[in-house]
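Enquirer: Here it is: the structure, laid out below.
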Amino acid sequence: MAVDGTLWYAPVWMLTAVLLLLMNICLADHEITVDPPGNIQIVDPGHLGQLYINWTLPASLQNRTDCEIRFELQYFNTYEGEWTTIRTRLQSYSAQFDLEKNVHVRIQTILRGPCSGSKETKSPPAEVLQKPPGVDFPGTKIKGLSCIFHQKEYMNCTWHKGHRTPPQATYCLYFWHRKMGHAMECPKYIRSHGHRSGCSFPGSSLLEFTEFNVCVNGSSEGDLLQPAYFTLQLQNHVKPGVIDTLHLKTLPEGAVRLEWAPPKGRIPEACLEFEVESSPEGTGGLKVKNVTRKTHFTASPPGPCKSLCFRVKSRVHEFCSDASFWSDWSHPRCLSGNC
């Protein structure tokens, strides 16, 4: 009531502000607690490191409809040496893990909406640490796995045996990628001195730009050898074939033009770069190297009485992969002097 006795009505916005203030005071006095997710499970479907993480909604939130419910998943990425964080409304997630190391997962429930005063509220984390199985025969894990994807047509992976591997031991390789229903054994083993020392994969079994998971294990007279797990990105293991033919011609002004065709195989020409080496014919001369993405190269005239030799190799450049192998050098091609 006003001073003169008349009634006074507060505007709607003012009443709303007062109600919100009272609500915030009430929430401050009664701190909202959120329960963490329940029943966390780490499931290994046999994909050699691609694991599935499942969890359930906490019982206290089963019938809540006045809040948005999300989850924050963290797992320790042993490949990067740091935690990876994912936010999702789902109750499952798939990630790649190194099965030779601990699998460490943390999950929190996140509320946002009227039930939390329109602010984000997190639960304490629910945590799972899964250790790798014990090793029965240490020192038998393979060493030095090397995989080369030749011309994107086939891939050879080779390894060296562990320093404590018995002479009669037999290694087995298994592989998996996301287009496969289950892991499969090496289609064709490479042998050295009568023992398995690698695997040859046809192009039909390969898939780029995804995790290509490999496990090499084995046995020796009933004892299991120590397994080794690897995750490859095949586009980073490509080695082009050798460039077949070089063409040389002398330009009117005396310069030398070298031309070649891209190497055979399934590598797009736009993904290749070339290194051209030029040097005087014979040994002991100064070698000059140039990198280009063209299939031709022009050199300064060597002089009327001098011979100049060229050879070329190639690799996949940085815009098509994070790493690659140089091809072997082509056979040299020389332009002889005229004296």
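Enquirer: Note down all Cβ pairs under 8 Å where the first residue falls in the range 261-275 and is of a type in the set (V, I, T), the second is open to solvent by 20 Å² or more (accessible area, probe 1.4 Å), and they're at least six residues apart or on different chains.
Expert: Matching pairs, first to second residue: I267/Q151; I267/K152.
Enquirer: Suppose we filter the range 213-232 for residues that are in contact with a Pro (Cβ under 8 Å, 6 or more places away or on another chain) and buried (at least 16 other Cβ atoms within 10 Å of the Cβ); how many remain?
Expert: Of the residues in that region, 5 qualify.
Enquirer: Separate question: Name the residues in the range 32-88 that are in contact with a Cys (Cβ under 6 Å, 6 or more places away or on another chain) and closer than 30 Å to N213 by Cβ, would you?
Expert: L48
Enquirer: Looking at (1) out of contact with any helix residue (DSSP H, G or I) (no Cβ under 8 Å at 6 or more places or on another chain); (2) in contact (Cβ under 8 Å) with a residue 12 or more places away in the chain, can you tell me which one N63 breaks?
Expert: Every listed condition holds for N63 apart from (2).
Enquirer: Across the range 87-99, which residue is most open to solvent (accessible area, probe 1.4 Å) among those that are within 23 Å of Y229 (Cβ to Cβ) and assigned to a strand (DSSP E or B)?
Expert: That would be Y93.
Enquirer: Shifting gears a bit: Is there a residue being open to solvent by 30 Å² or more (accessible area, probe 1.4 Å), among the small types (G, A, S) and on the phi < 0 side of the Ramachandran plot anywhere in the range 100-116?
Expert: No; the residues of the range 100-116 include none that is open to solvent by 30 Å² or more (accessible area, probe 1.4 Å), among the small types (G, A, S) and on the phi < 0 side of the Ramachandran plot.
Enquirer: For the range 54-77, which positions are acidic (D, E) and open to solvent by 40 Å² or more (accessible area, probe 1.4 Å)?
Expert: Hits for the range 54-77 are D66, E68.
Enquirer: Here's a follow-up. From the residues in the range 161-205 that are basic (K, R) and under 26 Å from the mean Cα position of the chain (by Cα), which one is surrounded by the most Cβ atoms within 10 Å (Cβ to Cβ)?
Expert: K161
Enquirer: Output the residues belonging to the range 144-197 that are over 19 Å from N213 (Cα atoms) and part of a loop (DSSP other than H, G, I, E, B).
Expert: The answer is Q151, K161, G162, H163, R164, T165, P166, P167, Q168, A169, H193, G194.
Enquirer: Could you tell me which numbered condition E80 fails, if it satisfies all but one of (1) open to solvent by less than 80 Å² (accessible area, probe 1.4 Å); (2) outside any strand (DSSP E or B); (3) among the acidic types (D, E)?
Expert: So E80 meets the others, but not (1).
Enquirer: A further question on this structure: Report yes if K141 is in a loop (DSSP other than H, G, I, E, B), within 25 Å of the chain's Cα centre (by Cα), in contact (Cβ under 8 Å) with a residue 40 or more places away in the chain and under 25 Å from E211 (Cβ atoms), otherwise no. Even if it seems obvious, please write down each step before you answer.
Expert: Details: in a loop (DSSP other than H, G, I, E, B): yes; within 25 Å of the chain's Cα centre (by Cα): yes; in contact (Cβ under 8 Å) with a residue 40 or more places away in the chain: yes; under 25 Å from E211 (Cβ atoms): yes.
It is true that K141 is in a loop (DSSP other than H, G, I, E, B), within 25 Å of the chain's Cα centre (by Cα), in contact (Cβ under 8 Å) with a residue 40 or more places away in the chain and under 25 Å from E211 (Cβ atoms).
Enquirer: Continuing with the same structure: Any residue at all in the range 243-258 that is in a loop (DSSP other than H, G, I, E, B), within 21 Å of G203 (Cβ to Cβ) and open to solvent by 60 Å² or more (accessible area, probe 1.4 Å)?
Expert: yes
Enquirer: Shifting gears a bit: Mind checking which residues of the range 203-224 are more than 21 Å from S321 (Cβ to Cβ) and in a strand (DSSP E or B)?
Expert: Across the range 203-224, the qualifying residues are C215, V216, N217, G218, S219, S220, D223, L224.
Enquirer: Could I ask something else about it? Any idea which residue in the range 122-160 is surrounded by the most Cβ atoms within 10 Å (Cβ to Cβ), counting only those that are farther than 30 Å from V34 by Cα and among the hydroxyl-bearing types (S, T, Y)? Steps first, please.
Expert: At the first step, the residues of the range 122-160 found to be farther than 30 Å from V34 by Cα are 132-160.
From the residues that got through so far, the ones that are among the hydroxyl-bearing types (S, T, Y) too are 140, 146, 154, 158.
Numbers: T140: 25, S146: 12, Y154: 16, T158: 16.
Here the residue is T140.
Enquirer: Give me the pairs, please: first residue somewhere in the range 73-94 and more than 13 Å from T109 (Cβ to Cβ), second residue anywhere and assigned to a loop (DSSP other than H, G, I, E, B), beta-carbon distance under 6 Å, and either six or more positions apart or on two chains.
Expert: T78/D98; T78/K101
Enquirer: Mind checking which pairs have a first residue in the range 99-128 that is among the small types (G, A, S) and a second that is buried (at least 17 other Cβ atoms within 10 Å of the Cβ) and in a strand (DSSP E or B), Cβ under 6 Å, 6 or more apart or different chains?
Expert: From residues that are among the small types (G, A, S), the pairs are S123/Q108; S123/T109; A126/I40; A126/I107.
The values are calculated or read from the model by the stated rules, or taken from the named source; none is laboratory data. Predicted model only: the values in this text are computed from it and were never measured. Neighbour counts are summed over all protein chains in view; Cβ atoms, including those assigned to glycine, are modelled from backbone coordinates with ideal geometry. The accessibility values were calculated without ligands, DNA or RNA, using every heavy atom of the protein model including side chains. Shrake-Rupley method; radii C 1.70, N 1.55, O 1.52, S 1.80 Å.
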